[in-house]
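Step one of this worksheet: look at the structure below.
The values are calculated or read from the model by the stated rules, or taken from the named source; none is laboratory data. Just so it is clear, the model here is predicted, and its values are computed rather than measured. Every residue, glycine among them, receives a Cβ derived from its backbone with ideal geometry; neighbour counts consider all protein chains shown.
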Amino acid sequence: MVNPVWTGTLTFGMVSLSVRLYSARERHGPVMHQFQRGTSDRIRYKRVNERTGKEVSRDDIVRGARVDEGDGEDYVVLEPQDIESILPSRSRAMEIRGFVPRKQVDPLWYAATYFVSPKERAAAKPYRLLCSALERTGRLGLATFNMRDREHLVLVGPQQGVLSASTLWWPDEIRDPEDVMPSISEADLSDSELGLAEQLVEAMATDWEPSDYTDAYQQRLEELIEAKSKGRTISYEEEEPEEKGTVVQLTDALRESLKERKKNGKGSGGKQKGGASTRAPSPRRSQEGGDAAGRSGRRTKKELLKEAGDLEIQGRSKMSRDELAEAVEEARNAPSPAAR
C-alpha cells in the first residue's frame with residue numbers, strides 16, 4: 001500500500017462520501033545518480049543563499065514571486081499562512097458540478113490521474129453507486145478541488161473497476177498550435193488519395209494491448225548496468241533497415257505501402273499488435289518436443305523480460321515476445337554447470 005496524496009470529501013448532489021486519492025502511475029527503471037568522473041564520489045546539491053553562499057535550513061525557506069516595480073524588479077515573499085488564508089473554505093471538498101460525456105474531453109486536457117478510494121466502510125455503497133452509474137451512462141463527473149496549494153479542474157470516472165480522478169489543464173494553459181509551431185500549408189486531397197490512405201489505415205488496424213509494449217531503452221539500461229557490474233561489456237548490433245526504392249508521388253507511396261502489407265501477410269485480414277501481425281509463426285519446439293513458449297505462452301512480454309533478466313539472457317531487450325518465451329524455455333532446460 002502507498003500513502004494517499006489527498007484526503008477529503010467527494011460530493012454529487014446531496015450525496016457525500018469521504019475519499020482518498022492515490023497516484024495511479026509510477027516511473028520504473030534504475031535510479032541514476034551523479035558522480036565525479038574517475039571516482040565514486042556522489043555529487044550533492046545544497047540549498048544556499050545566493051548572496052552569502054551559506055546553506056539554508058529547509059525550515060527557513062519560504063516562497064515568493066517576482067513583480068515589476070517601475071524600472072527594476074522586486075520580489076514579494078509569501079509566508080505559509082499567507083497561502084492558507086486564500087484557500088477556499090471548502091478546501092477539502094471535491095464537489096461534482098455536472099456530468100459530461102466522456103468522448104467530449106480530448107486527451108490534450110488530461111494532466112495527472114489518481115485512483116479514488118472510499119475512506120470509510122460506510123462510503124462503499126455511494127462509491128459503488130456513482131461508479132456504476134458513470135459506467136452505464138458513459139459520463140464523467142466534472143469537479144474542482146484544492147491540492148498542494150493549487151486549485152484543480154478534475155474529471156471523476158470509472159477506471160479498472162474503481163473511480164479515478166484525472167486533473168485537467170486550465171483553458172489558459174492549453175497552447176494554440178499557431179503560437180508554438182509554423183503554419184501548415186493547405187493541400188488539395190483527391191478522393192483516390194484519401195481512399196488509399198483509409199485502406200492503409202485499415203490494413204494497419206490493431207487493438208490496444210498495453211502488455212505488448214515495453215520500454216526498450218530502460219531494458220537496455222538495466223542490461224548495461226548488470227554487465228558493467230560484472231566486468232563485462234555489452235553492445236547491440238542494430239539491424240539495417242530494408243532498402244526501398246525512392247517513391248516520389250504520394251499516391252505511389254500509399255500503393256507501395258499497401259502492397260508491402262499484403263506481401264508480408266499483414267493485410268486487413270490479420271489483426272495487428274504493436275505494429276506486427278498476430279499471425280506470427282509458432283515458436284520452435286525444444287529438444288524434448290515441448291512447446292518453446294511452454295509454460296511462458298500465457299505470460300506477458302513484461303513478465304518474460306523480468307524472468308529473462310533473472311536468467312541473465314543477453315540481448316533480451318531486442319527480442320519479441322515469442323523469442324523471449326523460447327529463450328526463457330531454453331535457459332530453464334539448459335544443464336547446470338555442475339551437471340556438465
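Values for this structure:
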item: Qualifying positions in region 96-122 - among the charged types (D, E, K, R) and either loosely packed, with under 15 Cβ neighbours inside 10 Å or not assigned by TED's automatic domain parsing to the domain that holds Leu155 (or both); result: Arg97, Arg102, Lys103, Asp106, Glu120, Arg121
item: Residues being surrounded by 10 or more Cβ atoms within 10 Å (Cβ to Cβ) and in a loop (DSSP other than H, G, I, E, B) - total across region 27-53; result: 5
item: For Gln199: the one exception among (1) closer than 30 Å to Lys262 by Cα; (2) assigned to a loop (DSSP other than H, G, I, E, B); (3) polar (S, T, N, Q); result: (2)
item: Residue satisfying condition, being on the phi < 0 side of the Ramachandran plot, modelled with pLDDT of 95 or more and of a type outside the set (Phe, Trp, Tyr), within set Arg25, Arg37; result: Arg37
item: From Ala280, Ala293, Ala308, Ala325, residue being at pLDDT below 50, crowded, with 19+ Cβ neighbours inside 10 Å and within 27 Å of Tyr217 (Cα to Cα); result: Ala293
item: Exclusive hit being within 30 Å of Val62 (Cβ to Cβ) and more than 27 Å from the chain's Cα centre (by Cα), set Leu168, Leu129, Leu87; result: Leu87
item: Spans of strands (runs of 3 or more DSSP E) in region 110-178 with at least 3 residues over 30 Å from Glu79 (Cα atoms) and out of contact with any Phe, Trp or Tyr (no Cβ under 7 Å at 6 or more places or on another chain); result: 150-159
item: Tabulated pairs, region 75-87, first under 19 Å from His152 (Cα atoms), second modelled with pLDDT of 90 or more, C-beta under 7 angstrom, 6+ apart or interchain; result: Leu87/Asn146
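For (1) surrounded by 13 or more Cβ atoms within 10 Å (Cβ to Cβ); (2) under 30 Å from Ser117 (Cα atoms), each residue gets a yes or a no:
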| site | (1), (2) |
| --- | --- |
| Ser166 | yes, yes |
| Glu178 | no, no |
| Ile184 | no, no |
| Glu202 | no, no |
| Pro210 | no, yes |
| Tyr217 | no, no |
| Arg255 | yes, no |
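The rows are residues; the columns are (1) within 18 Å of Val5 (Cα to Cα); (2) modelled with pLDDT of 95 or more.
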position	(1), (2)
Arg139	no, yes
Val162	yes, yes
Trp169	no, yes
Ser183	no, no
